[in-house]
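Structure first, then comments.
Nothing in this text is a laboratory measurement; each read-out follows from the coordinates by a stated rule. These numbers come from a predicted model, not from an experiment. As a convention, Cβ positions derive from the backbone with ideal geometry for all residues, glycine included, and neighbour counts pool all protein chains shown.
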Amino acid sequence: MTTLLVTGGAGFIGGNFVLQAVADRLTVVNLDKLTYAGNLDTLKPLEGNPRHVFVRGDIADRALVASLLAEHKPDAVVNFAAESHVDRSIDGPAAFVETNVVGTLALLETARDYWKGLDGAARDAFRFLHVSTDEVYGSLGASGKFSETTPYAPNSPYSASKAASDHLVRAFHHTYGLPVLTTNCSNNYGPYQFPEKLIPLIVARALAGEKLPVYGDGRNIRDWLFVLDHCSAIRRVLEAGRVGETYNVGGDSERENIHVVKTICALLDAKRPLPDGRKRETLIEFVKDRPGHDRRYAIDSSKLQRELGWRPSVDFETGIARTIDWYLANQPWVQRVLDGSYRMERLGQG
């Protein structure tokens, strides 16, 4: 593959994917609506690079997407475009249905029509890769992991909207023959993440010496996946995944939320001590849990490892240290993100 149409490529995971793909000499047509979580600063390293074409627009704009497909003739569509924060979905679920369900449907229809018009090898090689989440599977108990055959049981408006989009992608393969691939990933972290998510939020508040809110008892468990590992997994699925299949992507790094927060505190205490000498762990405060907070997620990515030879290369301790270093070195990026639309306030209280 030489040319990709990437949707949502100014967001956290999509932006990292675009940077990596262009560095590997792929041409990327990057379509992003630039909502609050889309950030052109993430793409600054690509300014003037002829292999990166940025277009501001909505995946639901069929005419725009059709024109981009006709003009650039991509070998694949990689769909990152989504409203993605559970707390925001609790406060305003309609936007999640609009983008994640209605928008994905429009993108699928436009991609299907483009694919049907291709000839020979181009038609055979075309792929539509849909990036989804482990949250569609619901919540786990103390043991077990999500596999590709785990029944869907979404518990938030966000995960319900992603489950609906996953089902649409599957349906377009079985009904129309569209050559689709789906990936369901665990919790991503790393550079360029919008500071409403746990890790960048705690980093920002800890640097400022502010209280560090932790939901409930802090014992909720997530499987943490370094974002560049996730990007490499998507590339591998795009290259060699079996059409119509789903691949789970995990980091093999289950950690309780409270462990993540305490790790960040210790790293920042060592790298950037507070002026008054306080230990940041003393700033932790347990707050009322959010509605419907899933207790545990864990991904079984053995299918991806077995069939395609991918496995995570960055363990949590290495990845979180790299992430802290990135945020310390890129505070101007963080400050430009906090432009008034989000000021680290709590969301999702119902």
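Size descriptors for the range 97-243 (Cα atoms only): Rg and Dmax, in that order, 18.1, 60 Å. Only Lys, Arg, Asp and Glu carry charge here, each on its Cβ (+1 for the first two, -1 for the last two); on that basis the chain has a dipole of about 340 debye about its Cα centre. Among His85, His174, His130, a tally of other beta-carbon atoms within 10 Å of each Cβ gives an order, fewest to most, of His174, His85, His130.
The slack between His174 and Asp41, meaning 0.36 nm per residue of separation minus the straight C-alpha distance, is 44.0 nm.
Output the antiparallel fraction of DSSP beta bridges having both residues in the chain, as a percent to the nearest 5.
Details: 3 of 40 bridges.
Here the antiparallel bridges make up roughly 10 percent for the chain.
With contacts taken as Cα pairs under 8 Å and at least 6 residues apart, the chain reaches a relative contact order of 18 percent. Remark: spin-label model distance Arg311-Leu34 equals 4.3 nm, labels positioned 7 Å along the Cα→Cβ axis. The stretch between Thr282 and Asp91, if pulled fully straight at 0.36 nm per residue, gains 65.8 nm over its current Cα-Cα span. The order of the peptides 226-235, 309-318 by mean Cβ neighbours within 10 Å, most packed first, is 226-235, 309-318. The 3J(HN,Hα) values that the Karplus relation (6.51, -1.76, 1.60; θ = phi - 60°) gives for the range 159-167 are, in residue order, 5, 5, 5, 6, 4, 4, 5, 4, 5 Hz. Gly and Pro appear as x.
Going by how many other beta carbons lie within 10 Å of each one, how would you line up Glu148, Glu285, fewest first?
Values: Glu148 17, Glu285 9.
Going from least to most buried by this count: Glu285, Glu148.
Within the range 115-129, name every residue whose backbone N is under 17 Å away from a label modeled 7 Å from Cα of Lys73 along the Cβ vector. Under 17 Å, as judged by backbone N against the label point of Lys73, lie 115-127 of the range 115-129.
A simple spin-label model places the labels of Asp119 and His167 4.0 nm from each other, with each point 7 Å out along Cα-to-Cβ. Using only side-chain charges placed at the Cβ, +1 for Lys and Arg and -1 for Asp and Glu, the dipole size of the range 24-125 relative to its Cα centre rounds to 240 debye. Counting only Cα atoms, the size of the chain along its three principal axes is 67, 46, 39 Å, in decreasing order.
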